[in-house]
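The values are calculated or read from the model by the stated rules, or taken from the named source; none is laboratory data. If you're wondering where the values come from, they're calculated on a predicted model, not measured in any experiment. For neighbour counting, all protein chains shown are included, and Cβ atoms are generated from backbone atoms with ideal geometry for every residue, glycine included.
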Amino acid sequence: MADITSVKRHLIAQSNSTIVVVTSIACFVVVFGLVASASLVNQLSYQNRVKSADNVALSRLKNDIRATQSLEKAYNTFTGGSTNIIGGNPAGSGPQDGTNVKIILDALPSAYDYPAMATSLENILTSQGVQIQSITGTDQAASQTNQSSASPSPQPMPFQVAVSGNYTAIQNVVNAFEHSIRPFQIQTMELSGDQTQLNLTIAAQTYWQPAQNLNISTEIIQ
């Protein structure tokens with residue numbers, strides 16, 4: 001009788017051990033399945049976000065390619081004329097000559113350069129046959145920044161010039177400022193003397209404009 005009881009207890013203990021092992025394995029499988037499923041769902045969601053971002057980037061790239069082709073065509077038309085936008089010779093070296101691209105770049109330099117502006121003024125005045133009395137202004141290089149910007153705006157460069165010459169030469173100076181590649185805004189103009197010898201004093205300003213940057217950025221898909 002004792003042996004039968006011992007055998008029954010052994011069988012019950014064995015069954016309990018089997019149940020514990022099976023239950024443990026089942027719990028592990030269920031937990032692993034839940035964790036794996038959550039990981040797959042997260043991965044699928046991430047891949048969908050990446051694919052969506054790729055589609056947006058691809059669409060923008062196609063639009064940029066079309067815009068580039070259109071821009072190239074417009075650029076070739078802009079630079080392919082027999083005369084430039086101010087009536088000069090694109091291949092010439094006179095004050096009104098040069099390609100349209102050069103004219104645009106010279107019109108609004110991308111860096112503050114007061115000595116270059118003074119040299120440009122001297123060339124303009126000298127070519128009109130007047131005597132230069134003075135070219136004055138304030139070199140503000142220390143307070144100017146040449147950093148590029150996403151939305152640059154023209155910055156003024158004030159100056160004063162004083163010249164003398166006959167009536168025709170003085171008139172040519174005014175016309176030269178009006179037709180110059182660089183934009184000049186005349187603020188005050190004083191004349192004195194007679195028709196044979198006039199003195200002209202001009203207070204004006206020209207401009208420069210910082211370069212525009214493209215603000216290219218990257219995006220991390222979370």
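Odds and ends about this structure:
- Residue that is nearest to ALA204 (Cα to Cα) [pool: residues in region 107-151 that are among the charged types (D, E, K, R) and in a loop (DSSP other than H, G, I, E, B)]: ASP139
- Against the list (1) over 22 Å from MET157 (Cα atoms); (2) hydroxyl-bearing (Ser, Thr, Tyr); (3) surrounded by fewer than 17 Cβ atoms within 10 Å (Cβ to Cβ), the condition THR99 fails is (3).
- Among the candidates GLN195, GLN155, GLN144, GLN185, residue that is exposed (fewer than 13 other Cβ atoms within 10 Å of the Cβ) and touching a Phe, Trp or Tyr at 6+ places or on another chain (Cβ under 7 Å): GLN195
- Where GLU190 falls short, out of the listed (1) acidic (Asp, Glu); (2) free of Cβ contacts under 8 Å to residues at least 24 places away in the same chain; (3) touching a helix residue (DSSP H, G or I) at 6+ places or on another chain (Cβ under 9 Å): (3)
- When LEU125 is tested against (1) over 21 Å from the mean Cα position of the chain (by Cα); (2) more than 15 Å from PHE184 (Cα to Cα), just one condition goes unmet, and that condition is (2).
- When each of PRO210, PRO183 is tested for being touching a helix residue (DSSP H, G or I) at 6+ places or on another chain (Cβ under 7 Å) and either assigned by TED's automatic domain parsing to the domain that holds TYR46 or in a loop (DSSP other than H, G, I, E, B) (or both), the lone residue that passes is PRO183.
- Of all residues in region 171-184, those that are within 18 Å of LEU105 (Cα to Cα) and in contact with a strand residue (DSSP E or B) (Cβ under 7 Å, 6 or more places away or on another chain) total 4.
- When TYR207 is tested against (1) in contact (Cβ under 8 Å) with a residue 24 or more places away in the chain; (2) at negative phi; (3) over 35 Å from the mean Cα position of the chain (by Cα), just one condition goes unmet, and that condition is (3).
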